[in-house]
2 protein chains.
Amino acid sequence: MPTSADKPATVQATPMDQVAVRRANLALVLAEVRTAGPASRADVARRTGLTRPTVSSLVGELLDRGLVREADLRQDGSVGRPARRLELDGRTVAALGLEINSRYLAACSVDLAGRTIQERRLVHDATEEGADATVRALAVLTRELLDHATRSGARVAGVGIAVPGPVAVATGRVYAAPNLGWKDVPVAERLREAAGLPGETSVVVDNEANLAALAEWETAHPGVTDLMYVTGEAGLGAGIVAGGQLLQGASGFSGELGHIQIDPDGDVCACGRTGCLETKVSLPAALRTAAPDLLLAEGSGPRAPWGPQEQAAELLRRAAAGDPRTLSGLDEIGRWLGTGLSVPVNLLNPRVVVLGGYFAAVAPYLLPAAMREMRARIVAGDEALCRVTGSLLGFGAAVRGAAGVIVKEVFADPGRADSGRADSGRTDSGRTDSGRTVR
Amino acid sequence: MPTSADKPATVQATPMDQVAVRRANLALVLAEVRTAGPASRADVARRTGLTRPTVSSLVGELLDRGLVREADLRQDGSVGRPARRLELDGRTVAALGLEINSRYLAACSVDLAGRTIQERRLVHDATEEGADATVRALAVLTRELLDHATRSGARVAGVGIAVPGPVAVATGRVYAAPNLGWKDVPVAERLREAAGLPGETSVVVDNEANLAALAEWETAHPGVTDLMYVTGEAGLGAGIVAGGQLLQGASGFSGELGHIQIDPDGDVCACGRTGCLETKVSLPAALRTAAPDLLLAEGSGPRAPWGPQEQAAELLRRAAAGDPRTLSGLDEIGRWLGTGLSVPVNLLNPRVVVLGGYFAAVAPYLLPAAMREMRARIVAGDEALCRVTGSLLGFGAAVRGAAGVIVKEVFADPGRADSGRADSGRTDSGRTDSGRTVR
């Protein structure tokens, strides 16, 4: 996760005992090797300010844990014993990301270097199937990716799960997922049981927009401390990074942007209120406005020929071809989007707003009207205006963010990274002893 | 400043060298003495997990710096040499808080234990006087409080300044204060020069609502990680604490809540837009709605008999006496306030919303309607609903928060606390060498 360069170092309210110091320094050395590329122990010592013996000891531990490796000897013609170069051994540890969407299940595995090992997406109606069957399907997917990662020599450090609803992150429990009709589902605990994950394997659950925000932040805007991610699909979701940290809210309910009343004379929303932003800019609203025939073609259920990605692609195709209805429709969506975005931009003063979901596909046709509307509504004027940009990860942002949370855990505490090595990925049954602690 | 008990410790991206470790431990020991009350060195060692020799050395430094003192020997009848008890020596260091308001200048000095040393408030029209004369008047006030604190034996560690507008906190420069008609004023630098503050004395400038939020957080809600402070005066201001830190935004413009469009058919706002929340719930709007005769009695300029505090007190008096116009007017204000607050509450999911300014005085008459309206508009339902409560500090919150920032600096880095001891408070002229670095 990016850290803010201009934030003052915080003083920790815990004793700086030797264990904590060593753990922090282990993370520091690993981060140095990761970001600065191949480096000698002397380079690392110089850049971190740590002593040579300390660096040697820490590097030894990182080598033991398989997190770094020694590269070929330097061939630079220098005399004497050549220094060994250290580099991140990204392939030894993997992280799994999963996503429960109302229309599909998605999964990916990445290694510590951020390379994708495997990606899977399958049609699944989580609303119709319900929570139990969905978690079982997710467990099958998990085992598949876990076994593949294990066969390719990586140890799976943990599983991140993106869900479309507010989450109690500490327990991995989904309060409610309105689009799925779920209420109070302990997703982390159930998946751990169903997939037979050992207790040492981290299982983290968070809201899809939060995880997508993390993925966009790390991938495209690592130096930015204040960023908002807004995704348009069946509904509207927002993930907020403020002051260099993901904003969770007091109880996991932050980021609710879709039901700002934007037009008191507007349509009744699915939530029962009137004129919500969602009624103006969600994907169904965009189809109604810009391409009503696609809405008719959608049919019902996830097996309909037009999923959200295909609908977004078709909107883009028509706009690029100059279809007047599509262009004027997207211009109208852009106006409402700019009006809606001006509210959190005035409150939070982000540097960047990233548009995800279908917004990302058609961003070039939304942005002119959206920026015009925002400029008129940002109280502090152009100095407080932010950049608005389409997501690079598109519909894949949430699942990448879910895996990224696990990668981040490993880099934050490399000493924990080989826990679970003994049994992770070696359990063939879908069950384990119950009662294991869920993170 | 409160820290979150349930937040994971962050790993610092700096080497944990001995200097940093000692600084962190010095802060830790001082915090322990401060919060746990009188304690022996052995108590401190046990509670912090630090070794006895380390604690003794750190306590020695804190004694040298005059931040702690040894209390009377214990009289508990135990045999052997009695342990000396350590306690915070709050009286040795003072912090100044200043506030530039459109109708007054305020100042206070507090000691490290949070006790008020002095409070001053004087009528001043910063709009009419302009930035230069206002900073000069503020400098006179600063010298007065500084000299008083010095005479009473305290060293002034720094000066915090609250201003009604967005601030570049790193440089102490006010971008713009619309109510004052100020633009781009380097307040920290100018006050340092005009008051002859030595370079080592911290000068911190921030938005009044941000500083008031900090004061309310520390005073009344120290365990809460997500809090919003909303103040109603001539305009509307908000300060946001999210994830255990004050939210500044990318460039100091966060907290703009007053110009959410809440009624597209409403009045034209001073900002030129239509139906802003401010047009519904500011103090002038409340007077128009609930007590129009007070608006007439207000006259113009700060020397009018009815300042904002007197107007708020009169609103409260009438409501308490059961005046029907006042009651129905405040009920209407409450409805608009609840509608407006539901937007940031949906976005940020705070645990508590604190109402400041005139809202605090009449909170009991605003809250029933406000809570009804919020309950109807919080998307995640009652689980995401927050507590809304009147400020305890009222119009004095900003100036307390400004002093509190300086106190916090001392506790965060006690080793820095005697810088400036040599000359702070001993300069009699109002000028120093120019070009001193402004924090």
(request) Any chance you could count how many residues in segment B:81-104 are surrounded by fewer than 22 Cβ atoms within 10 Å (Cβ to Cβ) and under 15 Å from B:Ala162 (Cα atoms)? (result) 3
(request) Please enumerate the residues belonging to segment A:95-118 that are touching a residue at least 60 places away in the same chain (Cβ under 8 Å), in a strand (DSSP E or B) and within 16 Å of the chain's Cα centre (by Cα). (result) A:Ala95, A:Leu96, A:Gly97, A:Leu98, A:Glu99, A:Ile100, A:Ala106, A:Ala107, A:Cys108, A:Ser109, A:Val110
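For every residue, the table says whether it meets (1) under 27 Å from A:Arg173 (Cα atoms); (2) surrounded by fewer than 16 Cβ atoms within 10 Å (Cβ to Cβ); (3) of a type in the set (Asp, Glu); (4) modelled with pLDDT of 95 or more.
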{"position": "A:Ser251", "(1), (2), (3), (4)": "yes, no, no, no"}
{"position": "A:Thr274", "(1), (2), (3), (4)": "no, yes, no, no"}
{"position": "A:Pro292", "(1), (2), (3), (4)": "no, yes, no, no"}
{"position": "A:Leu296", "(1), (2), (3), (4)": "no, yes, no, no"}
{"position": "A:Leu316", "(1), (2), (3), (4)": "no, no, no, yes"}
{"position": "A:Gly338", "(1), (2), (3), (4)": "no, no, no, yes"}
{"position": "A:Leu348", "(1), (2), (3), (4)": "no, no, no, yes"}
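Looking only at segment B:39-48, which residues are surrounded by 15 or more Cβ atoms within 10 Å (Cβ to Cβ) and not basic (Lys, Arg)? First the steps, then the outcome.
Filtering segment B:39-48 for residues surrounded by 15 or more Cβ atoms within 10 Å (Cβ to Cβ) gives B:39-41, B:43-45, B:47-48.
Matches in segment B:39-48: B:Ala39, B:Ser40, B:Asp43, B:Val44, B:Ala45, B:Thr48.
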(request) Please go through segment A:215-231 and pick out each residue that is surrounded by 24 or more Cβ atoms within 10 Å (Cβ to Cβ) and in contact with an Asp or Glu (Cβ under 9 Å, 6 or more places away or on another chain). (result) A:Leu227, A:Tyr229, A:Thr231
(request) Please work out which residue is nearest to the other protein chains (Cβ to nearest Cβ), limiting yourself to segment B:206-261 and to residues that are closer than 24 Å to B:Ser282 by Cβ and β-branched (Val, Ile, Thr). (result) B:Ile260
(message) I need every pair where a residue in segment B:236-253 that is in contact (Cβ under 8 Å) with a residue 24 or more places away in the chain has its Cβ under 6 Å from the Cβ of a residue that is assigned to a strand (DSSP E or B) and of a type outside the set (Phe, Trp, Tyr), sequence separation at least 6 or different chains.
(response) B:Gly237/B:Thr231; B:Ala238/B:Val230; B:Ile240/B:Met228; B:Val241/B:Leu227; B:Ala242/A:Ala242; B:Gly243/A:Gln245; B:Gly252/B:Val167; B:Gly252/B:Ala168
(message) Can you list residue pairs whose Cβ atoms sit under 6 Å apart, with the first residue in segment B:21-43 being without any contact (Cβ under 8 Å) to a residue 24 or more places away in the chain and the second being among the charged types (D, E, K, R) and surrounded by 19 or more Cβ atoms within 10 Å (Cβ to Cβ)? Count only pairs 6 or more apart in sequence or on different chains.
(response) none
(message) Could you list, ordered by first residue, the pairs with Cβ atoms under 9 Å in which the first is in segment A:389-400 and without any contact (Cβ under 8 Å) to a residue 40 or more places away in the chain and the second is in a helix (DSSP H, G or I) and among the β-branched types (Val, Ile, Thr), at least 6 apart or interchain?
(response) A:Gly390/A:Val362
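Does A:Leu366 satisfy the criteria of being over 30 Å from A:Ala106 (Cα atoms) and at pLDDT 95 or above? Quick ask: steps written out before the conclusion?
Working: over 30 Å from A:Ala106 (Cα atoms): no; at pLDDT 95 or above: yes.
Judged against the criteria, A:Leu366 is not a match.
Restricting attention to segment B:7-15, does a residue exist that is more than 14 Å from chain A (Cβ to nearest Cβ), modelled with pLDDT under 85 and not in a helix (DSSP H, G or I)? Can you show your working first?
Step one: of segment B:7-15, the residues more than 14 Å from chain A (Cβ to nearest Cβ) are none.
Checked against the condition, which is being more than 14 Å from chain A (Cβ to nearest Cβ), modelled with pLDDT under 85 and not in a helix (DSSP H, G or I), segment B:7-15 yields no hits at all.
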(request) Mind listing whichever residues of segment A:264-286 are closer than 19 Å to B:Thr274 by Cβ and in a loop (DSSP other than H, G, I, E, B)? (result) A:Pro264, A:Asp265, A:Gly266, A:Gly275
(request) Among the residues of segment A:19-34, write down those that are at the interface with chain B (Cβ under 7 Å from one of its Cβ atoms) and either more than 19 Å from A:Arg91 (Cβ to Cβ) or among the acidic types (Asp, Glu) (or both). (result) A:Val21, A:Ala24, A:Asn25, A:Ala27, A:Leu28
(request) Could you tell me whether segment B:183-200 includes any residue that is crowded, with 23+ Cβ neighbours inside 10 Å, of a type outside the set (Gly, Ala, Ser), touching a helix residue (DSSP H, G or I) at 6+ places or on another chain (Cβ under 8 Å) and within 14 Å of chain A (Cβ to nearest Cβ)? (result) no
(message) Tally up the residues in segment A:326-353 that are touching a residue at least 12 places away in the same chain (Cβ under 8 Å) and within 14 Å of chain B (Cβ to nearest Cβ), please.
(response) 17
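Can you tell which of A:Gly357, A:Gly390, A:Gly401 is at positive phi, away from chain B (no Cβ under 14 Å) and not hydroxyl-bearing (Ser, Thr, Tyr)? Before the answer, list the steps.
Details: A:Gly390 fails: at positive phi; A:Gly401 fails: at positive phi.
Just a single option satisfies the conditions, and that option is A:Gly357.
Just checking, which of B:Ala176, B:Ala154, B:Ala168, B:Ala149 is closer than 23 Å to B:Val410 by Cα, within 14 Å of chain A (Cβ to nearest Cβ), of a type in the set (Gly, Ala, Ser) and touching a strand residue (DSSP E or B) at 6+ places or on another chain (Cβ under 7 Å)? Give the derivation first.
Working: B:Ala176 fails: closer than 23 Å to B:Val410 by Cα; B:Ala154 fails: within 14 Å of chain A (Cβ to nearest Cβ); B:Ala149 fails: within 14 Å of chain A (Cβ to nearest Cβ).
Residue meeting the stated conditions: B:Ala168.
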(request) Taking B:Leu145 as the residue in question, decide whether it is touching a residue at least 24 places away in the same chain (Cβ under 8 Å), crowded, with 16+ Cβ neighbours inside 10 Å, within 17 Å of B:Gly165 (Cβ to Cβ) and not basic (Lys, Arg). (result) no
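Within segment A:157-166, identify whether any single residue is more than 21 Å from the chain's Cα centre (by Cα) and assigned to a strand (DSSP E or B), and answer yes or no. Talk me through it step by step, then tell me what you get.
Here is the first cut: in segment A:157-166, the residues more than 21 Å from the chain's Cα centre (by Cα) are none.
Checking segment A:157-166: not a single residue is more than 21 Å from the chain's Cα centre (by Cα) and assigned to a strand (DSSP E or B).
When you go through B:Ala131, B:Ala126 one by one, which is the residue that is farther than 21 Å from B:Ala270 by Cα and either out of contact with any helix residue (DSSP H, G or I) (no Cβ under 6 Å at 6 or more places or on another chain) or surrounded by 19 or more Cβ atoms within 10 Å (Cβ to Cβ) (or both)?
Values: B:Ala126 fails: farther than 21 Å from B:Ala270 by Cα.
When all the criteria are applied, what remains is B:Ala131.
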(request) Evaluate the following for A:Asp72: is it farther than 18 Å from A:Ala398 by Cβ, modelled with pLDDT under 95, surrounded by fewer than 14 Cβ atoms within 10 Å (Cβ to Cβ) and out of contact with any Asp or Glu (no Cβ under 9 Å at 6 or more places or on another chain)? (result) yes
(message) Can you confirm whether A:Ala360 is over 20 Å from B:Thr274 (Cα atoms) and assigned to a helix (DSSP H, G or I)?
(response) yes
(request) Kindly indicate whether A:Gly130 is under 19 Å from A:Ala195 (Cβ atoms) and part of a strand (DSSP E or B). (result) no
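The values are calculated or read from the model by the stated rules, or taken from the named source; none is laboratory data. Everything numeric here is computed off the predicted structure, so don't read it as measured data. Positions of Cβ are generated from backbone atoms using ideal geometry, with glycine treated the same way; all protein chains shown enter the neighbour counts.
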